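Notes to accompany the following structure.
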Amino acid sequence: QHSPEPAEALAAALRDAEQQRTTCTPLRQHAESLGWATTQENAYAVQRVNETRRIAGGDRVTGRKIGLTAASVRRQLGVDQPDYGALWNSTAFGDGAEIPLAAFIRPKVEAEVAIVLDKDVTAADATLADLFAATAYAVPALEIVDSRIAAWDIHLFDTIADNASAAGYVLGSDPKRLDQLSLRDAGMTLTEDGREVSEGRGSECMGHPLNAAVWL
């Protein structure tokens, strides 16, 4: 029996884990056992396999997430640039909605800035000015990250292949045009039952959230 190509085999392991709400061994180990290089190019190839399957199954890409935008997290994983994954219509939750934990494995929540575009940006060499011109508004957002990798034992190859650990998101319902606020100075306080558990500001996202969008 013909063995599946490495990208297909790793993508299948991720799908099985997601469907069964369980975890798989780190994909970098799986790739090495197949004699496959754990490059970013190969990791994105795994991501694309599952993206193509999901679209064929009727889901819709509603946006992109950018991961590893904080310098501290990049240092932790030993990488020098961010990564990206898809946001899906099926994993969008309304502002204030209750989110079923049973839909996830070991979820975490992150406060984010979401940029909603008014028109596509297609130039490969897009600039900050292009993003200013294309942005309809910004909203605060929450991202639910989850890992199909056991115990969150991830390196860059694992998280890219695993759709940049994306699992769900919530868009805030108070949009602001870019001339109505300073995204660089915008502050965030994340609370749980009234207790502050995290805080940050826009400048921690690659100096400015739009820098991350330009990178993407």
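The values are calculated or read from the model by the stated rules, or taken from the named source; none is laboratory data. Given the structure is predicted, the values throughout are model-derived calculations rather than measurements. Please note: Cβ atoms are built from the backbone with ideal geometry, for glycine as well, and neighbour counts cover all protein chains shown. Side chains are part of the model used for accessible areas, which takes the heavy atoms of the whole protein and leaves out ligands, DNA and RNA. Shrake-Rupley method; radii C 1.70, N 1.55, O 1.52, S 1.80 Å.
Pairing the Cα long axis of helix 6-20 with the longest principal axis of the chain, what angle in degrees results, from 0 to 90 and rounded to the nearest 10?
Result, in degrees: 70.
Express the C-alpha Rg of the range 45-97 as a ratio against the empirical globular expectation 2.2 N^0.38 Å, rounded to two decimals.
Here the Cα radius of gyration is 1.41 times the empirical estimate.
If you build the convex hull over the alpha carbons only and average its shadow over all orientations, what do you get for the range 1-145? Give it in nm² to one decimal.
Mean projected area for the range 1-145: 11.3 nm², to one decimal.
Take the Cα of E192, step 7 Å along the line toward its Cβ, and report every residue of the range 110-146 whose backbone nitrogen sits under 17 Å from that point.
110-112, 142-146
Using the Cβ atoms and a cut-off under 13 Å, what net charge is assigned to the surroundings of A141, where Lys and Arg are +1 and Asp and Glu are -1?
Its environment carries a net charge of -2.
Calculate how steeply helix 40-56 sits against the longest principal axis of the alpha-carbon atoms of the chain, using the helix alpha-carbon long axis, and give the answer as 0 to 90 degrees to the nearest 10.
Value to nearest ten degrees: 90.
Divide by every residue of the chain the summed helix terms, -39500 (n - 2.57) for each DSSP H run of at least 4, and state the resulting mean residue ellipticity at 222 nm, rounded to the nearest 500 deg cm²/dmol.
So the helix-based figure for the chain works out to -9000 deg cm²/dmol.
For an R0 of 30 angstrom, estimate the FRET efficiency from the Cβ-Cβ distance between S90 and E8 and round to the nearest 0.05.
0.85
Express the accessible area of the range 49-96 per residue in Å², computed with a 1.4 Å probe while the remaining protein chains stay in the model.
Solvent-accessible surface per residue comes out at 56 Å².
When the Cα centres of the range 16-82 and the range 166-195 are compared, how far apart do they sit, in Å?
So the two Cα centres are separated by 26 Å.
At 1.4 Å probe size, with every protein chain present, just tell me what the per residue accessible area of the range 122-171 comes to in Å².
37
So what are the ³J(HN,Hα) numbers for the range 199-211, from phi and the Karplus equation (6.51, -1.76, 1.60; θ = phi - 60°), rounded to whole Hz, Gly and Pro as x?
Per residue, the Karplus-derived 3J(HN,Hα) values read 8, x, 8, x, 5, 6, 9, 6, x, 6, x, 5, 4 Hz.
Would you mind working out the magnitude of the charge dipole of the range 1-160 relative to its Cα centre, with +1 at each Lys and Arg C-beta and -1 at each Asp and Glu C-beta, to the nearest 20 Debye?
My answer is approximately 260 debye.
Send over the Kirkwood Rh of the range 107-211, from the inverse of the averaged 1/r over different Cα pairs, rounded to one decimal Å.
In the range 107-211 this quantity evaluates to 15.5 Å.
How many percent of the accessible area of the range 38-163 is carbon or sulfur, using a 1.4 Å probe?
Answer for the range 38-163 is 51 percent, counting heavy atoms of protein chains only.
What are the residues whose amide H is under 5 Å from the amide H of T135, where those residues sit 5 or more places off or on another chain and H is modelled from the backbone?
Result for T135 returns D118.
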